Every structure is written in C-alpha cells, then in structure tokens.
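A.B. asks: My structure is below; once you've seen it, I'll send some questions.
The values are calculated or read from the model by the stated rules, or taken from the named source; none is laboratory data. Everything numeric in this text was worked out from a predicted model, so none of it was measured. Neighbour counts run over all protein chains shown; Cβ positions are idealised from the backbone, glycine included.
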Amino acid sequence: MREQFLGIPMNLHHLELFYYVARHGGIMEAVRNMPYGIQQPAISGQILQLEADLGLKLFNRRPFELTAAGHELYGFVFPFFSQIDAVGERLRGGTIQTLRLAAPVFALREHLPELLRNVQERFPQLRITLREAHQPEIAGLLERQEIDCAVTVVEGQVAPRIQSEPLLSLGAAFLVPKHHKARTAAELLESVASGAEQSALISLPANEALPRRFRELTSRLGLEWIPSIEVTALDLIDTYAANGFGIGLTLTLPGKRPTSGLRALPISEMAPVEVGTLWRDPQSPAVEALRAVLRARAAVVKQQAASAGT
C-alpha cells in the first residue's frame, strides 16, 4: 500500500531522481532524459541512499525491473512530478496543452505534419513531442506514461486503461525488380517453394506484425523463406530492394508508389494489417483532437481507394 511511505523521512530530490529512473527504465536512461545535468554516479549514490532510508530495494539493476515496493513508490510520486510543468504553466496563466506522440518514422515524416497542424490551429500553445517508435515498444511507452498516444499497428488485446481504434487496413506486397519474371505473389511463392527463387528477403524486424503474418502464411504453405535483411523502416525496404539486395516484404501505403525500378506484387493470401491509434485514458483534449483528424483522414483515404477500385 502507498501508505507504507507516509511518515518516512525522504529527500525530495531523491524522489525526483527515482521518478526519472523508474519512468525511463534505468539510471543511464534517466541521465539522458533529466531536465538538468547530472551524472550517473550521482544518481546511483542518491538512489542507494533513498533505498537505505526506506529499508527497501526499489528496482533490480540488470535487467532493470521495479520491485513491488518500487512500483508502489512510483505510483505515489508520479502524480506530483509528472504534473510540475503543467501546474507551473497554469499558475503563470497559460492554457498549455501537450501532445506526446509516437509513430513509425514514415508516418512522422509523410502523414502527420499536416494533421498536427490542424490540431495546432485549435491549440495555439500546443507543445508537441514526437518520438519514433515501433509496434513492439509502443505499448510499454503508453503503460509507463511516456507518451499520450501512438499511430501504429493495432492488434490483439491491449493493457488496462489503454484504448485502441483501428483506422486503415493495409495489405502486404512483395517489391520485386520490374524485370522479374513473377507476375503475382503466388507465382513468386511457388518459385521459392521449388527452389528456383534464391533472392534474399528484406523485411521489418521479426517481432513486428507484418513479418509475423508472413511466417503464418509460409507455415500454411509449407515453405520457408526467412528474411536475410531486417530494417527498421518501410522506406528502407524500398531503398534496399531498389539497390539489388533482394525482394522486399512491405505494406501498401496510401498514395505511395514503389521506388523507380520496382513493382509491387500484392499478397492477397495474407490478411491485411490494421493501423490505427492507441492512447491511454483519460485522454487529453489534444489527443481527442488528433484522433478526430486521423479518423477524418482515414475516411478520405478509404473513399479514394473505393473510387480507384471502381
């Protein structure tokens, strides 16, 4: 219970340091994210003093993991330290809104600037923090309250207090050279199964949704085609496929054509990947506004895709 900390003399600065260590998942990560300069030995020494004062171990160092007491203390101090900037702004008479958003780099670069401008028009003093992050790490960022929302793949169960809203279904495709003899994804997979196709496969990391869906497909077909090159962004798949490193496994993004010299072979045998928004309740007005513009943009994209298909 949090009441176990009441009445115990604790140094406020030690509590602040613990807050940053717990929030960012380690002492070195806290050093990189502190709002003022402080070195790792100083943080380590003062955290040890805090643990000595409490008579409790707050976290395991390697790998970093909060103990039960550490989780309780973090929950105890979080409401205070996480709100300091916002309270200060209110006391100064401001009406600041903050928006901490995580997304893959292609979304941050290609799609979100215009949408964020729309949100900023509603909140002129909006403070925006953008963070490149991939699907496997986003849930953890939301649970640790390091971000307010994310644009990412939406699938499966989410943690308590984290909400999700699918927006677009994106199909998978192979990126092959224009002169490649395969005309469909099925033909390409048949060539892999027969051993005629020897090209390397370029893909996102194995723990992302797209390569996981692909492994399910190849397992059903009874063939093996393991990616030889893993990259962290979809546009790098285009780049390396165009430079002759192999065949790309990618998602078909609205309005994006393959790099010159490549063509896409849609993989109809794979279920589409759902992309949408994840956020933590309670949502702020800025998150609500961003979700509204994302929903509107998704509706336009779906309408354009429907018109193109008729």
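A.B. asks: Of the residues Glu155, Glu146, which single one is modelled with pLDDT under 90, assigned to a loop (DSSP other than H, G, I, E, B), under 12 Å from the mean Cα position of the chain (by Cα) and not assigned by TED's automatic domain parsing to the domain that holds Ser260?
C.D. replies: Going through Glu155, Glu146 in turn, just one is modelled with pLDDT under 90, assigned to a loop (DSSP other than H, G, I, E, B), under 12 Å from the mean Cα position of the chain (by Cα) and not assigned by TED's automatic domain parsing to the domain that holds Ser260: Glu146.
A.B. asks: Could I ask something else about it? Within the bounds of the stretch 120-135, is there any residue that is within 27 Å of Arg213 (Cβ to Cβ), among the β-branched types (Val, Ile, Thr) and either in the same structural domain as Leu101 (by TED's automatic domain parsing) or buried (at least 16 other Cβ atoms within 10 Å of the Cβ) (or both)?
C.D. replies: Looking for residues that are within 27 Å of Arg213 (Cβ to Cβ), among the β-branched types (Val, Ile, Thr) and either in the same structural domain as Leu101 (by TED's automatic domain parsing) or buried (at least 16 other Cβ atoms within 10 Å of the Cβ) (or both), one finds none in the stretch 120-135, hence no.
A.B. asks: Considering the stretch 265-289 alone, what residues qualify as being under 16 Å from the mean Cα position of the chain (by Cα) and not acidic (Asp, Glu)?
C.D. replies: Of everything in the stretch 265-289, those that are under 16 Å from the mean Cα position of the chain (by Cα) and not acidic (Asp, Glu) turn out to be Val273, Val275, Gly276, Thr277, Leu278, Trp279, Arg280, Val287.
A.B. asks: Further question on the same structure: Return the only residue of Pro272, Pro266, Pro282 being free of Cβ contacts under 8 Å to residues at least 40 places away in the same chain and closer than 22 Å to Pro166 by Cβ.
C.D. replies: Result: Pro282 is the single residue among Pro272, Pro266, Pro282 that is free of Cβ contacts under 8 Å to residues at least 40 places away in the same chain and closer than 22 Å to Pro166 by Cβ.
A.B. asks: Can you tell me which residues in the stretch 31-78 are outside any loop (DSSP other than H, G, I, E, B) and either assigned by TED's automatic domain parsing to the domain that holds Asp148 or farther than 20 Å from Met10 by Cα (or both)?
C.D. replies: Across the stretch 31-78, the qualifying residues are Val31, Arg32, Asn33, Gln40, Asn60, Glu65.
A.B. asks: Considering only residues that are among the charged types (D, E, K, R) and touching a strand residue (DSSP E or B) at 6+ places or on another chain (Cβ under 7 Å), look in the stretch 273-291 and name the one that is farthest from Leu217 (Cα to Cα).
C.D. replies: The selected residue is Asp281.
A.B. asks: So, of the residues in the stretch 201-238 that are part of a strand (DSSP E or B) and hydrophobic (A, V, I, L, M, F, W, C), which turns out to be surrounded by the fewest Cβ atoms within 10 Å (Cβ to Cβ)?
C.D. replies: Among those that are part of a strand (DSSP E or B) and hydrophobic (A, V, I, L, M, F, W, C), it is Ile229.
Each row is one residue, and each column tells you yes or no for (1) under 24 Å from Leu116 (Cα atoms); (2) touching a helix residue (DSSP H, G or I) at 6+ places or on another chain (Cβ under 7 Å).
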residue: Ala264; (1), (2): no, no
residue: Ile267; (1), (2): no, yes
residue: Met270; (1), (2): no, yes
residue: Trp279; (1), (2): yes, yes
residue: Val287; (1), (2): yes, no
residue: Arg291; (1), (2): yes, no
residue: Arg295; (1), (2): yes, no
residue: Gln304; (1), (2): yes, no
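A.B. asks: On the given criteria, is Leu130 without any contact (Cβ under 8 Å) to a residue 40 or more places away in the chain and touching a helix residue (DSSP H, G or I) at 6+ places or on another chain (Cβ under 8 Å)?
C.D. replies: When the stated conditions are applied, Leu130 passes them.
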